[in-house]
Amino acid sequence: MASVGAYMSHDLVTVAPGELLGAAAGRMAERRVGAALVLDGERLTGILTERDVLRAVAAGGVERALVSAWMTHGPETIEPSDTTDHAAVLMIHGGFRHLPVVDGGRPVGILSIRDLVRIALDDSAPRGA
């Protein structure tokens, strides 16, 4: 069974809770990612996703908004040794598309629903095609 550590992204976009939302969204757009981990020092305090940014824009007045006002606080996490099946269950039941990966409480990666789809397609694609 596949482990999360084999498929997670190690190239993390991180932001601080006190950072301006627009700056954080700009970094996410530059890096073409749908989520940024929110760190207070080295401690994971939240996750900022495309959905969070969309909610903020829809509410208006985001020019001075801080990440902390719109991030998802205390996100569900998973460990690199956990299975991708377990990650998929967490995402489906939780209704989210990005899952921070932590090792000893320290963020080491992120797994997206897109990563899980790639695994499923690799498993079902004909070999040698």
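None of the figures in this text is laboratory data; all of them are computed from the coordinates on show. Predicted, not measured: the structure shown is a model, and the values here were computed from it. Glycine gets a Cβ as well: all are built from the backbone with ideal geometry, and neighbour counts include every protein chain shown.
Observations
- Taking the helices alone, the chain has a mean residue ellipticity at 222 nm of -11000 deg cm²/dmol, built from -39,500 (n - 2.57) per DSSP H run of at least 4 residues and averaged over all its residues.
- Lys, Arg +1 and Asp, Glu -1 on Cβ, resulting dipole of the chain about Cα centre, debye, nearest 20: 360
- Against the rule of thumb 2.2 N^0.38 Å, how large the Cα Rg of the stretch 1-51 comes out: 1.23
- Euclidean distance between Cα centres, the stretch 98-116 to the stretch 1-69, Å: 13
- Spin-label model distance (nm) - Ser3 vs Arg31, 7 Å beyond Cα toward Cβ: 2.4
- Phi to ³J(HN,Hα) by Karplus 6.51 cos²θ - 1.76 cosθ + 1.60 over the stretch 60-74, Hz, x for Gly, Pro: x, x, 8, 4, 10, 5, 9, 3, 4, 6, 10, 5, 8, 7, x
- Amide H contacts of Val38 (H built 1.01 Å from N, under 5 Å, at least 5 apart or other chain): Val15, Thr45, Gly46, Ile47, Leu48
- Set the Cα radius of gyration of the stretch 4-124 against 2.2 N^0.38 Å, with N its number of residues, and you get 1.05.
- Under 17 Å from a label point set 7 Å out along the Cα-to-Cβ vector of Val108, the amide N atoms of the stretch 35-59 belong to 42-44.
- Sorting 28-39, 94-105, 57-68 by average packing, meaning the other beta carbons within 10 Å per residue, from highest down gives 28-39, 94-105, 57-68.
- When the Gaussian network model of the chain links Cα atoms closer than 10 Å, the mean-square fluctuations of Ile92, Ile78, Ile113 top out at Ile92.
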